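Working notes, structure below.
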Amino acid sequence: MPLSTQSQGDAEQYVLVASLDNARNLSNILKAITFKDYAIFSATPNGLKVTVEDSKCLQANAFIQSEIFQEYTIKEDSVGFQVNLTVLLDCLNIFGGTTAPGVSTALRMCYKGYGYPLTLFLEEGGVVTVCKINTQEPEEPVDFEFCSTNVTNKVILQSESLKEAFSELDMTSEVLEITMSPSQPYFRLSTFGNSGSAHYDYPKDSDMMELFKCTKTQTNRYKMSLLKPSTKALALSCKVSVRTDSRGFLSLQYLVRNDDGQICFVEYYCCPDEEVAED
């Protein structure tokens with residue numbers, strides 16, 4: 001890869017260097033969490049975590065493991081910065097984000113540390129473009145305290161079936177109601193829009209259901225405006241894990257395969273809109 005020779009002499013100065021033969025493997029997963037301008041980047045030896053939040057009610061995290069990158073070097077236990085995600089995506093697609101077979105944009109992403117810009121070296125067809133994006137000190141992401149020990153209900157679905165549900169439900173509804181139960185209706189999505197109520201039920205033995213593990217009946221409502229950004233991740237994914245904890249907080253974890261067949265994860269956390277009286 002021509003970019004591997006770029007700025008080799010400067011490599012010692014960088015606290016983080018990450019290279020990809022195909023920049024789309026980064027830009028696609030970042031698009032899945034783009035609903036606010038700024039994102040918090042947290043790099044560790046295990047890989048990159050990118051976080052976007054909305055008013056402490058919604059949080060999206062994209063996880064890109066270090067193995068996804070052709071080169072991944074980090075000189076500290078953790079490196080963090082905040083960057084304008086819209087600008088970053090514009091830079092990653094500076095060559096037009098081509099999907100033509102055999103044509104890809106190579107990326108080398110470098111960061112010198114606090115106060116320095118994020119530097120991108122992008123190469124396609126022998127042309128190299130250098131972009132420098134201002135960084136900010138990262139804010140501490142909200143801790144939703146969503147831990148597996150407090151998960152009461154969990155289902156894993158083929159993403160196609162959830163896409164089908166979203167296409168049939170009334171998106172004029174202000175809320176999406178999710179019912180998860182060890183007994184019927186097992187897993188139900190409900191909306192209350194302009195055309196009345198609509199329900200979409202999944203039998204627990206459905207072919208689309210890979211895992212059904214519900215310990216108690218829970219019904220919670222979530223603002224549709226908060227959930228809509230997650231449909232970007234749904235569109236890219238092949239599987240989705242839906243979990244709720246004892247407080248009714250929702251975790252949507254999407255398994256996404258990139259152009260090279262490697263697996264990345266996108267996770268959305270959403271707080272419940274209001275308490276719904278259980279029957």
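Observations on the structure shown:
- Of all residues assigned to segment 125-136, none qualifies as being touching a residue at least 24 places away in the same chain (Cβ under 8 Å), more than 30 Å from residue 96 (Cα to Cα) and either touching an Asp or Glu at 6+ places or on another chain (Cβ under 6 Å) or surrounded by fewer than 12 Cβ atoms within 10 Å (Cβ to Cβ) (or both).
- Here residue 132 passes the criteria (1) closer than 30 Å to residue 253 by Cβ; (2) among the charged types (D, E, K, R); (3) at pLDDT 95 or above except the one numbered (1).
- Counting only strands (runs of 3 or more DSSP E) that sit wholly inside segment 171-279, those with at least 1 residues that are open to solvent by 20 Å² or more (accessible area, probe 1.4 Å), aromatic (Phe, Trp, Tyr) and modelled with pLDDT of 90 or more are 187-193, 196-202, 209-214, 263-270.
- Flag if residue 86 is within 22 Å of the chain's Cα centre (by Cα), closer than 25 Å to residue 53 by Cα and not aromatic (Phe, Trp, Tyr): yes
- Take the conditions (1) modelled with pLDDT under 95; (2) surrounded by 16 or more Cβ atoms within 10 Å (Cβ to Cβ); (3) over 24 Å from the mean Cα position of the chain (by Cα); residue 166 misses just one of them, which is (3).
- Residue in segment 77-98 that is farthest from residue 120 (Cα to Cα), counting only those that are surrounded by 15 or more Cβ atoms within 10 Å (Cβ to Cβ) and among the polar types (S, T, N, Q): 82
- Residues satisfying the stated conditions in segment 108-137, i.e. part of a loop (DSSP other than H, G, I, E, B) and either of a type in the set (S, T, N, Q) or under 18 Å from residue 14 (Cβ atoms) (or both): 112, 113, 114, 115, 116, 117, 134
- Residue that is farthest from the chain's Cα centre (by Cα), among those in segment 209-235 that are of a type in the set (A, V, I, L, M, F, W, C) and under 25 Å from residue 33 (Cβ atoms): 211
The values are calculated or read from the model by the stated rules, or taken from the named source; none is laboratory data. Fair warning: this is a prediction, and the values are worked out from it, not measured in the lab. Cβ: placed from backbone, ideal geometry, glycine included. Neighbour counts: every protein chain shown. These area figures cover heavy atoms from the full protein model, side chains too; ligands, DNA and RNA do not enter into them. Shrake-Rupley method; radii C 1.70, N 1.55, O 1.52, S 1.80 Å.
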